[in-house]
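These notes are about the structure you will find just below.
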Amino acid sequence: MTMADVRCPMCSTINPADATACSVCGARLKPMIAGEAESLAGPPEPQEGEAGDWLARIRSEVERKAETSGEAPPRPGEPEWLNRLRPASGEEEGPPEGELPEWLSEEEGSAAGPSEAAPGEVPDWLARIRERQKTELEAAAEEAPPPSADDDWLGRLRREEFLPTEPEAPLGEEPEREAPPLGPRPPSRPLPPSSPPAPAAAPPPISATGPPPSGRIPPPSGEKPAVSQAPPFMGISKDLLEGAMPKWLEGAGPSSDEGLPHMPALVAEEGLAVTPESASDLQMGSIDIPNWLGDLRKDAGVAPPDAGAPGDSLARATLPAWLEAMRPMDTFRPVVEIQAEDAQEVESAGPLAGLRGVLLAEPVVAMPRQPSYSGARLEVTERQFALADLIHRMVEQEASEVGPKPPARRRLPFSRWAIAGALFLAVALPALLGAPSLSVPTLVPPGLPALITLVDSLPGDRPVLLVFDYEPAYAGELDAVAGPLLEDLMQRDIRLATVSTRPSGPPLAERLIRRIGDAHGYLNGQDYVHLGYLPGGPAAVQLFARDPRESLAGGFLLAQEPTRRGMWSTPVLAGVQQFSDFGAVVIIAAGTEIARTWVEQAGPWTGASPLVMVASAGIEPLIRPYYEALNPQVDAVLSGLPAAVAYEQANGRAGDARLLWDSFGTGMLVAEMALILGGMYGAASFLLRSGTGTSES
Amino acid sequence: MTVDLTALETAGTIASALLTLMVLSYILGDNVLFRIAVHLFVGVAAGYAGALALRTVLYPRLVLPLLSDGFSAITAAFVVSWVLALLLGLKAWPSTAWLGSLPMALLVGVGAALVVGGAITGTLVPQALATMDSLDPSAVAPLTGETGFERVANVLILLIGTISTLVYFRFTARRGPLGEALRSPLSIAVSFVGSVFIALTFGVMYAGALAAALAVLSERIQFLVGLARGLLGG
């Protein structure tokens with residue numbers, strides 16, 4: 001980029017120095033001034049030798065008219081409207097020298113101007129001018145041809161460009177606009193900011209204080225209108241236009257600065273900053289303002305500054321409480337500081353390229369600021385406070401050091417030994433001495449008669465399935481309880497088949513059946529068979545109930561090599577194809593879960609075959625609901641040693657239950673006594689502790 | 001009770017008596033004898049269960065068909081059984097234990113489905129219907145034969161016990177200002193009655209367990225007494 005290149009203000013593209021428009025965006029590179037505007041807006045200037053006939057004709061007519069009237073021909077380059085203006089004659093140059101109109105000679109009341117002068121007070125020279133202008137206007141109105149584009153194109157252009165909102169005046173008023181009278185001027189457009197002050201810095205007369213009349217293009221900045229070009233209707237003398245002090249102003253004020261109050265400059269000079277202290281020297285009241293300016297201020301309604309009025313008499317603005325609370329005092333502190341003009345950066349891009357002091361494009365919200373701490377107050381409810389306190393106490397307890405536990409004093413379990421000794425002695429005495437001998441129960445359990453009846457009704461040609469689902473630890477009880485039932489079945493020569501979902505089940509079954517069956521001549525494989533272990537839990541139980549032949553892989557203690565089909569070919573299981581083909585299903589269980597599993601999974605597949613539960617005394621309360629319902633899922637229950645003893649009595653043959661009965665009875669007596677004594681000891685201790693606590697409190 | 005003192009059974013009976021005494025030694029406190037007996041029981045039970053599973057489940061299901069029927073026994077179900085068994089066996093090694101998740105998931109899923117389904121159809125629905133039917137005083141229990149005032153009393157006890165027990169297990173309540181549960185006085189009173197029924201039930205179960213334990217103790221004491229008499233020639 002060279003110094004002669006021009007940067008486009010719109011897109012920052014570098015263009016040659018002679019370019020008038022940007023090669024990229026087409027924006028104008030050179031400012032448009034009045035002369036150029038006219039040249040652009042008007043018809044193109046014909047080149048030498050290419051002038052149209054119309055222009056040649058006009059020029060010849062003008063020259064001929066000038067020759068006949070003695071006027072000088074128009075100078076080339078001057079606007080046509082200027083050439084058409086008649087030069088002011090001697091009698092139109094204004095009042096005679098040394099004679100001023102009264103309105104102008106008056107020191108006060110200049111704002112009213114000559115318009116307030118009575119018509120009879122108009123001087124003769126001015127009256128003549130107005131009369132001649134009136135006659136010329138009337139004649140021009142009568143003889144004026146319709147406006148053509150040739151001779152009035154500039155006027156129309158001006159009206160269109162600079163008076164877009166002003167209605168177009170009739171043709172008859174056109175001369176008045178170009179040559180307005182000296183009366184009060186209509187409100188016109190203000191001067192552009194860039195327009196320099198008038199050549200005479202002193203306040204001009206009222207006729208010259210306003211901007212140029214509407215429709216006039218202000219001269220370009222820095223240019224002064226030529227004196228010779230000033231239209232004579234403005235009434236401005238040649239001396240005034242040349243910057244000389246008018247006569248009327250010479251007498252209005254002192255010609256020098258002596259005696260004037262000191263007014264500090266509002267705009268600092270280079271290297272000097274305007275300080276409030278220096279600005280305070282400005283006392284408006286001490287300035288001698290011209291009368292005409294004072295009148296203007298009165299008309300504008302501007303009150304003169306009062307020394308004691310401002311600020312103090314005004315009430316301080318207050319915000320509502322809610323709005324004051326929302327006011328972000330600390331958050332939105334002004335962080336954008338206005339720097340000196342020299343320190344401000346020059347915009348490098350965009351339509352504002354080259355300008356200094358441009359507002360930052362970065363929004364204020366994105367600039368760093370102080371963090372806001374407002375709203376950090378936590379509202380805690382009662383419950384939250386209680387929970388927080390609880391957590392606090394828990395943490396404190398965790399954090400507190402726990403001292404080493406003192407070594408526990410070794411105490412011999414005398415009470416446990418005493419109870420154990422009593423129980424052992426009570427259980428062993430009947431076995432050792434045969435005494436005491438307790439009587440057998442006379443009351444028959446409620447479900448026993450139904451069980452005996454059920455066993456009596458079992459068909460002899462169908463085997464009974466015995467499920468041995470208990471652990472060896474319960475063998476001492478359940479062998480004695482199930483013994484009478486097996487005794488009854490064997491007395492009826494009913495074939496037996498055993499199965500178990502526990503690995504220890506088949507040996508327990510073999511042990512019990514062999515011990516009881518020896519007296520009845522029962523043989524393995526002929527009178528009874530062990531189907532063996534049924535793995536799989538509840539799934540295996542349901543599968544076995546659905547299809548017994550497919551669910552079991554091998555038996556236990558079979559006479560022949562275990563095969564899948566081998567055990568089902570024994571005479572014991574002859575005729576058994578499905579679960580309901582068993583004459584009865586007897587479940588010997590020590591736990592609630594396994595008993596319920598058989599009831600739930602195999603119960604629906606029993607058909608008409610009865611389901612009998614031989615249970616430990618500990619699970620009897622949970623088995624009873626399946627039995628005592630109107631539609632029972634268990635057809636008979638045999639539980640506990642007393643029921644077994646009663647069953648043996650019903651069978652007429654004493655068995656293991658009866659052998660255990662004395663020991664069991666004495667042991668239960670000791671246990672009950674221990675419970676009673678323990679309960680009494682606990683109650684006494686509680687009463688003693690409560691009494692001690694009451695007395696202490 | 002007589003004890004057959006043949007050679008093998010004599011050894012077994014003596015071992016059984018010693019183990020019984022070792023377990024009963026827990027009365028004196030935790031001791032080595034009790035621990036030896038417990039470890040011995042656990043080991044014997046596990047070994048026996050493994051041997052039984054191998055003999056009665058794996059061999060008849062996975063090997064015997066091939067030996068008896070040859071390749072004709074290889075069916076889809078047979079192959080699936082082998083694959084699942086092998087995958088389950090891989091759980092023995094930590095690096096391949098994840099492969100056994102599939103058969104384990106199958107076992108657990110099927111078992112859970114069966115348990116839940118059986119509980120609903122075999123216990124929950126029948127017991128609920130039985131409870132409602134039991135509230136009819138005119139109905140006569142077919143097995144117990146209760147009639148008259150006994151039946152009415154049983155029905156009332158059953159009704160009160162069922163409702164109060166259900167109310168006791170009601171764990172929903174309104175929340176107080178400090179987060180505590182607020183229950184109505186009626187609910188608290190009914191819950192107390194329910195807790196009494198629950199306590200009675202637990203008492204009965206404890207009595208049954210005590211009776212079962214005493215029966216077992218009686219059997220063991222008589223066994224020891226009989227063994228002693230046999231050894232002493234009495």
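With r defined as the distance between the Cβ atoms of residue B:188 and residue B:157 and R0 fixed at 30 Å, what FRET efficiency is calculated, to the nearest 0.05?
Approximately 0.90, to the nearest 0.05.
Sorted from fewest to most neighbouring beta carbons within 10 Å, what does the list A:379, B:146 look like?
Exposure proxy ranking, most exposed first: A:379, B:146.
I'd like the Karplus ³J(HN,Hα) series for the range A:124-137: coefficients 6.51, -1.76, 1.60, θ = phi - 60°, whole numbers in Hz, and an x wherever there's a Gly or Pro.
Ordered by residue, 3J(HN,Hα) equals 5, 5, 6, 5, 5, 4, 5, 5, 5, 5, 5, 5, 5, 5 Hz.
Mind giving me the FRET efficiency for residue B:132 and residue B:202? R0 is 30 Å, r the Cβ-Cβ distance, nearest 0.05 is fine.
Taking R0 as 30 Å, the efficiency between residue B:132 and residue B:202 is 0.75.
Give a quick list of trypsin sites (Lys or Arg not before Pro) in the range A:639-693 that DSSP marks as loop, anything other than H, G, I, E or B, with at most 15 other Cβ atoms within 10 Å.
Sites meeting the loop and neighbour criteria: A:653.
For A:520, A:530, what ranking results if the residue with the fewest other Cβ atoms within 10 Å of its Cβ goes first?
Ascending Cβ contact count within 10 Å gives the list A:520, A:530.
Calculated from DSSP H runs of 4 or more alone, at -39500 (n - 2.57) each and per residue, what is the 222 nm mean residue ellipticity of chain B, nearest 500?
-23000 deg cm²/dmol
Please work out how much length the chain gains when fully extended from residue B:147 to residue B:58, using 0.36 nm per residue of separation minus the C-alpha to C-alpha distance, in nm with one decimal.
Using 0.36 nm per residue and subtracting the Cα-Cα distance, I get 26.6 nm.
What FRET efficiency comes out for the pair residue B:76/residue A:353, r = Cβ-Cβ distance, R0 = 56 Å, nearest 0.05?
E between residue B:76 and residue A:353, to the nearest 0.05, is 0.10.
Treating the beta-carbon of each Lys and Arg as +1 and of each Asp and Glu as -1, no other charges, what is the dipole magnitude of the range B:116-234 about its Cα centre, to the nearest 20 debye?
It comes to approximately 440 debye.
Among residues other than residue B:25 whose Cβ falls under 15 Å from its Cβ, what is the net charge (Lys/Arg +1, Asp/Glu -1)?
Charge balance in the 15 Å sphere: +2.
Starting from the 7 Å offset along Cα-to-Cβ, what nm value, one decimal, do you get for the label separation of residue A:395 and residue A:673?
Placing both labels 7 Å along Cα→Cβ, they lie 6.0 nm apart.
Hey, can you rank B:69-78, A:17-26, A:533-542, B:190-199 by average C-beta count inside 10 Å, highest first?
Final packing ranking: A:533-542, B:190-199, A:17-26, B:69-78.
Amide H of residue A:21: which non-local residues (sequence gap of 5 or more, or other chain) have their own amide H closer than 5 Å, using H built in the peptide plane?
A:29
Please arrange A:666, A:570, B:123, B:96 by counting, for each residue, the other beta carbons lying within 10 Å of its beta carbon, fewest first.
Lowest count first: B:96, B:123, A:570, A:666.
At a 10 angstrom cut-off on C-beta neighbours, averaged per residue, how do the peptides A:643-652, A:409-418 rank from highest to lowest?
For the peptides A:643-652, A:409-418, the packing ranking is A:643-652, A:409-418.
The numbers here are math on the coordinates, done by the rules we state, and not lab data. It should be emphasised that the depicted structure is a prediction, and the values quoted were computed from it without experimental measurement. Because the Cβ atoms are built from the backbone with ideal geometry, glycine has one as well, and the counts that use them run over all protein chains shown.
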